[in-house]
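**Student:** Below you will find the structure I want to go over with you.
The values are calculated or read from the model by the stated rules, or taken from the named source; none is laboratory data. In this text the structure is predicted, and so the values were computed from the model without any measurement. Areas reflect the complete protein model, heavy atoms only, side chains present, ligands, DNA and RNA absent. Shrake-Rupley method; radii C 1.70, N 1.55, O 1.52, S 1.80 Å.
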Amino acid sequence: MSGEYVAKRAIILAAGRGERLRPVTDDIPKPLITVNGVRMIDTIIKALHNNKIYEIYVVTGYLKDRFNPLVEENPGLQLINNPYYDTCNNISSLYSARDHLEECIIMDGDQIIYDSGVLDPHFKRSGYNAVWTDEWTDEWLLQVENGIVMSCSRNGGAGGWQLYSISRWTKEDGKKLRRHLEIEFEDNKNRDIYWDDVALFCYPGEYDLGIVKMKKEDVIEIDNMSELTAIDSKYRNWGKS
């Protein structure tokens, strides 16, 4: 991919409890779950390394100590604790990592990356990885005109670009995102929203976001036990006596 901007660092959000993957997540954070022999977060880190990104920040919260080995395993990786993870939505995780938003890739830690090309650091404008769908999806759906995101539906839809939790931010937009996060989190006490709401819904006129097109099979997001067991059958009877 050619473009005028290059991401120099990455933030991986990994603080949540992963309630929909209980009982697996009763004693292990969701991103550290092993799927077919590999931890989910390791597929992300490997893909970042394949794209020459080694400055990596992992935002932790739930069972945060379980992430400590990642620091020794991956030079350049640092952990950032989110002290608000148990009482706030994931806006608190990006707020906790707000010092590192410029020239950055931001992504969730509960994804499996099958094609490292989806984390190519080169990009033309800030925005999200997305997959075109003609069929109905319950995921957030973007409408795009001339390469710019015009609107986003939280309730899904059909005939649009399904948003994935991989995004890139220029230096300028990273500065704006930090300022807007601080306004919403500190001043407005708006702590029950997703961080993505900030650019897409709270301040949409402040950003000209684009998309990075990819294929559905390039990345898998695992949200619940049925999706996990569909990929790795060893979890089919997990927790059952």
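**Student:** Strictly over 28 Å apart at the Cα level, which of LYS52/LYS216; LYS175/LYS216; LYS64/LYS216; LYS46/LYS124 would you flag in this model? Don't skip to the answer; put the middle values down first.
**Tutor:** Numbers: LYS52/LYS216 24 Å; LYS175/LYS216 31 Å; LYS64/LYS216 30 Å; LYS46/LYS124 23 Å.
From the list (LYS52/LYS216; LYS175/LYS216; LYS64/LYS216; LYS46/LYS124), the Cα-Cα distance tops 28 Å for LYS175/LYS216; LYS64/LYS216.
**Student:** How high is the relative contact order of the chain, in percent, counting Cα pairs under 8 Å that sit 6 or more residues apart?
**Tutor:** On the way: 498 pairs, mean separation 59.6, N = 241.
Here the relative contact order equals 25 percent.
**Student:** Separate question: Where the centre of each part is set by its Cα atoms, how far does the stretch 66-85 sit from the stretch 41-58, in angstrom?
**Tutor:** Using only Cα atoms to place each centre, the spacing works out to 13 Å.
**Student:** In straight Cα distance, which aspartates and glutamates are under 15 Å from LYS213, not counting same-chain residues fewer than 8 positions off?
**Tutor:** Here the aspartates and glutamates satisfying the reach criterion relative to LYS213 are ASP115, ASP120, ASP134, GLU145.
**Student:** With the alpha-carbon atoms as the only input, what is the per residue convex hull volume for the stretch 88-241 in Å³? Working shown, then result.
**Tutor:** Values: hull volume 20.7 nm³, N = 154.
It is 134 Å³ per residue.
**Student:** Calculate the length of the line joining the C-alpha centroid of the stretch 200-241 to that of the stretch 89-108, in whole Å.
**Tutor:** Result: 18 Å between the Cα centres.
**Student:** Run down the aspartates and glutamates and flag those whose C-alpha is under 14 Å from the C-alpha of LYS30, throwing out any fewer than 8 positions away in its chain.
**Tutor:** Answer for LYS30, where 14 Å is the Cα cut-off: GLU19, ASP42, ASP65, ASP108, ASP110, GLU221, ASP223, GLU227, listed by chain and number.
**Student:** Would you tell me the accessible area of MET150, worked out with a 1.4 angstrom probe on the heavy atoms of the protein chains, in Å² to the nearest 10?
**Tutor:** Roughly 110 Å² of MET150 is accessible to a 1.4 Å probe.
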